[in-house]
1. With just the Cα atoms of segment 317-408, tell me how far they stretch along each of the three principal axes, in Å, largest first.
2. Let's test the formula: R0 of 25 Å, r as the Cβ-Cβ distance of residue 158 and residue 372. What FRET efficiency results, to the nearest 0.05?
3. Roughly how far apart, in whole Å, are the Cα centres of segment 460-509 and segment 55-103?
4. Sort 304, 413 so the one with the fewest other Cβ atoms within 10 Å of its own Cβ comes first.
5. Throw me the Rg/Rh for the chain, computed over C-alpha atoms with Kirkwood Rh, two decimals.
6. So what does log10 I(q)/I(0) come out to for segment 3-244 at q = 0.15 Å⁻¹, using the Debye formula with one equal point on every Cα and no solvent?
7. Stretched out fully, how many nm does the piece from residue 443 to residue 233 gain, at 0.36 nm a residue minus the Cα gap?
8. Using 0.36 nm per residue of separation minus the Cα-Cα distance, give me the extension gain between residue 349 and residue 516 in nm, one decimal.
Ligand code: F6R
């Protein structure tokens, strides 16, 4: 949600920043802009639309400055206009600022600044902060010249309520950038004779693998020669330089039309990486290096509370089913955004688990902090190493699927399902699951990459179906037990990238209302497993058929569907129930993807969305 890039070095800043913005564009794509220090003034270019448009409109050869900042916006305060695009420059021309987050008390700050002569060109909260910094900068002649800029930012931030990741430049300090974070991610890249600042590693991996993760309440002061980190209270912080393991190729299309397509087809390898080194030597259970909770303490846990948003929340619903089924421990699943305000009664031996691909989703982070404030241990399943949630958790599991750039989650979702299935196994083996059942479960998990590969082989068939169904305006996705959350995920994938209305329901619930939607104009996607649920699901399909509803069945190989019941059948391999949700997800990822392509949607950057929701 908004991408930030900053650069100080010997190269032309504009080209490096624009390249960084292109890689961060999935965080927001309403508008983009840059400000470069140019012979004692700011050269600013900003524009609604994509970074590509900004690149075309920016006379890069004329902008030769080597210090600059850039921003790609997901609008919060103020519409999508050129004026509201970042960077913002203070009305006295001294300060330029980019911001990711929300300044909640911007109205009272604006009221304070207006009588002092500050004027505003935009409707944004960001421009207010920019002018507040300018005000403190002008007002502090007593502060030593060398630190006046830094102190004006520090002082301003003490008056700010809300969240921010900011990068600020001052016209009087041509080779300096000050940045700070509270609730929005910021990473410093330490390169060879250059420093970079970004919202995430994607923007900097082409230049350096050495990074410092800034923490909330820290200010970073970058100069051409050095950098220093202090707190809002002006205490020194010793930086820890980490090494990024992702490679530049991980964030490139490598011949695919879209990142979503690439990430769907990467799943066999991604899931292999999620599992690597995580099974016991005797092959009967899972093992995790970073849980930071002993087996003895885990045995005392009598309830798990899972917190997440969006697709990650769907993954939690599947995990709930598996932990309850295989470990016999009750599980509660909450939307993180609701949990943080619910103040529900909680037991003493509850263990919290947050699930977040980015590790930066603000609601999940806040819910985690709320659980910790109440004295609970919180574990986290994350993909992004060093993310805020990963750092604040008491322990957890990294997904290791590489960067996920398509806005619609695919490989990260199936990997969250896999980690959930592995946790259910681990917890189950600590309780009543036998050695042989554990061994069979492990065998099933190890087979996942191959099962997903088989599911992917249906791609040409699914593409054909997508072509025939792309013109429908409503879809139902129906499944039972652990396939109900997969139905929710299928509906979410379809609506977010194709803008087709879709709803997910437990198949039997359909009779309690949604069946009113059924007509020839509203197809249903059914998840059909063999086994005890087969006949029940078939009955639900009959009810749809009786009302002339079209049916697309995602059915396991052994399902002997009555002739003519389903209009389309997508086969998936038979598999252990713990891995079925993973395998069943693949066809609906492909169906949504091909429908969106058929409709010529902007698959990787669907309207109104952004990856990593860092505002409430
Ligand atoms: C949907 C999607 C979102 C995310 C949600 C949580 O395709 O990607 O619903 O799952 O915004 O994001 P993370 O997992 O980063 O916390």
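Quick note: the coordinates plus some simple rules give every number you see, no bench work behind them. Please read all numbers here as calculations on a predicted model, not as lab measurements. Cβ coordinates were reconstructed from backbone atoms using ideal geometry, including for glycine residues, and neighbour counts include every protein chain displayed.
1. Sorted from largest, the Cα extents of segment 317-408 read 37, 30, 23 Å.
2. It comes to 0.55.
3. One Cα centre to the other: 39 Å.
4. Placing the least packed residue first, the sequence is 304, 413.
5. Rg/Rh for the chain comes to 1.00.
6. -0.95
7. 70.2 nm
8. Result: 55.8 nm gained on full extension.
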